[in-house]
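A quick write-up on the structure given underneath.
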Amino acid sequence: EMNLTKMREAMGVMQHHDAVTGTEKQHVAFNYAKMLDSAMLQCRHIINESYKKLLPKSSTSEHEFCPYLNISSCPTTEMGESRIIYLYNPLGHRLINHTVRLPIKNGYYYRIQDQNNQSVPSVLVPIPEFVQKIPGRKSVATKELVFRVPVIEPLGITTMYMYVDKNEQPNSAIEIKGENPDD
Amino acid sequence: NDDKSKWQVLTKNLIVEFYSNGTISRIFIDKLHQSISISNEFRLYHGAGGTGRHSGAYIFRPNEQKTFPVTNKIKSTFFIDRKYHIVQEVHQQFDSSFVGQIIRMDKYNDNVEFDFVVGPIPVNDQIGKEIVVRYKTDLENDETFYTDANGRQMLRRRWNYRPSWKYNVQEPISGNYYPVNSRIAIRDEKQSLQMTIMTDRSQGGSLSPEQINGSIDIMIHRRLLHDDYFGVGEALNEPGVDGHGLVIRGKHLLLLNSIKQSASEHRPLAQQMFMEPIISFTSIESNKQA
């Protein structure tokens, strides 16, 4: 309850007129960002606690969230290690064919499987230079692994597996080559 | 496409046509057998400075009542996944190094996504600048457009007009800008077509002053060098992480449909945009997870 209240309080402050319109002084803007980030951390803690109740008691792992996906960066997916991916649909309706983009680093082969261990088609697309050069982006990702999740139920969680291999597998993600129309 | 100078990319019900330089040229609506010409460009206003009221955090006030092109030259690369059709996108790098864009189309959806990166806005010439993205079509919208009211009903806006008093226009550009919280639209009643642009955050929008029929302008980034004397006491000049100015990345979704069908398309899509699935990773072993 206290963790949730932190976000409630932050949202209360953000409803102040200068936060809504962006007319606050710069140092206030920085403080608003800090306040929101801190509240979001508390909410992530709640999600982690919820998972711990659902999962076997022996499991102690924590979830990593991807707050830098808006600049095509995610330290967790860029490590070149296999991962389980959870997708939570906060909507009240089904999501069909939702496209997921994960930043990854070059030099490995990637494949995606669903929770029934069925292979899911996936492709690799380069991250454009103008995104890679965004100031402050500290990322080794030069490509995005793109795949579709067929269905995510309302308020439901879908699990996908991202496998990272050193050698190419039959169902490894295909790399899409750029085509210059003028050529 | 038979015309080798053009590329066509298919979505669920749309065919999006590009010129050979990678700029968007036309959208065909397959099920309605209709099409519109369309262009998409980045333009800028020079913010008012000097001795009068400045453009700033509280007010948008251009120095001249016209826009300037951000750039003309463009380098485009198509990425088309011909096997699984997961990815169909065009990467556009403009010759000015501070603007780049990816246009994405999806076989299972009927929207065209414009994912742009803008900044840091150069101000070496000591002129503040306000960047707009323009979607220009041949739709006849009778100088009228629609903006949402905090995601609720769509409000009708008319160029140089207020419904409850006689409007004497002092500021032709800023007097016609309205808040866009989630979407802005124009309608062509004769063709029964509506183009809706969904925004990923609150922005300002209007018709284009250079073509008040068929166009939508949305302001996506601003960098100004003077305080506007409305109380904040400083210029709207965010330093960004490296102190050289803020870089923004955002996206617009363009929808084109019959007027009748539009609301059923843009309303669920707005919720979907604002509540995108959250991705998280875990190190739990897969057998335990199962």
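The values are calculated or read from the model by the stated rules, or taken from the named source; none is laboratory data. Since this is a predicted model, take the numbers as computed values, not measurements. Cβ atoms come from the backbone with ideal geometry, glycine included; neighbour counts cover every protein chain shown.
Side notes on the structure shown:
- A:Lys52 being in contact with a Gly (Cβ under 7 Å, 6 or more places away or on another chain) and over 20 Å from B:Asp200 (Cα atoms): no
- Hits in the stretch B:225-250 (condition: within 12 Å of chain A (Cβ to nearest Cβ), among the hydrophobic types (A, V, I, L, M, F, W, C) and either farther than 19 Å from B:Arg134 by Cβ or in contact with a helix residue (DSSP H, G or I) (Cβ under 7 Å, 6 or more places away or on another chain) (or both)): B:Phe230, B:Val232, B:Ala235, B:Leu236, B:Val241, B:Leu246, B:Val247
- All strands (runs of 3 or more DSSP E) inside the stretch A:78-129 with 3 or more residues being touching a residue at least 60 places away in the same chain (Cβ under 8 Å) and facing another protein chain (nearest Cβ under 7 Å): A:83-88
- Test set (1) within 25 Å of B:Met275 (Cβ to Cβ); (2) within 9 Å of chain B (Cβ to nearest Cβ); (3) over 17 Å from the mean Cα position of the chain (by Cα) - A:Glu153 fails condition number: (2)
- Some residue of the stretch A:49-62 being within 11 Å of chain B (Cβ to nearest Cβ), closer than 29 Å to A:Glu153 by Cβ, touching a residue at least 12 places away in the same chain (Cβ under 8 Å) and not small (Gly, Ala, Ser): yes
- Residues within the stretch B:200-212 that are in contact with an Asp or Glu (Cβ under 6 Å, 6 or more places away or on another chain) and either farther than 15 Å from B:Glu130 by Cβ or within 9 Å of chain A (Cβ to nearest Cβ) (or both), tallied: 1
- Residue within the stretch B:212-220 that is closer than 22 Å to B:Thr67 by Cβ and either touching a Lys or Arg at 6+ places or on another chain (Cβ under 6 Å) or free of Cβ contacts under 8 Å to residues at least 60 places away in the same chain (or both) present: yes
This table checks each residue for (1) in a strand (DSSP E or B); (2) over 20 Å from the mean Cα position of the chain (by Cα).
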residue	(1), (2)
B:Gln8	yes, yes
B:Glu17	yes, no
B:Lys31	no, yes
B:Asn40	yes, no
B:Arg43	yes, no
B:Gly50	no, yes
B:Gly56	no, yes
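- Any hit, the stretch B:11-27, residues being under 30 Å from B:Phe230 (Cβ atoms), touching a strand residue (DSSP E or B) at 6+ places or on another chain (Cβ under 7 Å), touching a residue at least 40 places away in the same chain (Cβ under 8 Å) and surrounded by 14 or more Cβ atoms within 10 Å (Cβ to Cβ): no
- Leading residue by the ranking (farthest from the chain's Cα centre (by Cα)) among those in the stretch B:273-290 that are more than 7 Å from every other protein chain (Cβ to nearest Cβ) and either at pLDDT below 75 or under 15 Å from A:Gln115 (Cβ atoms) (or both): B:Asn287
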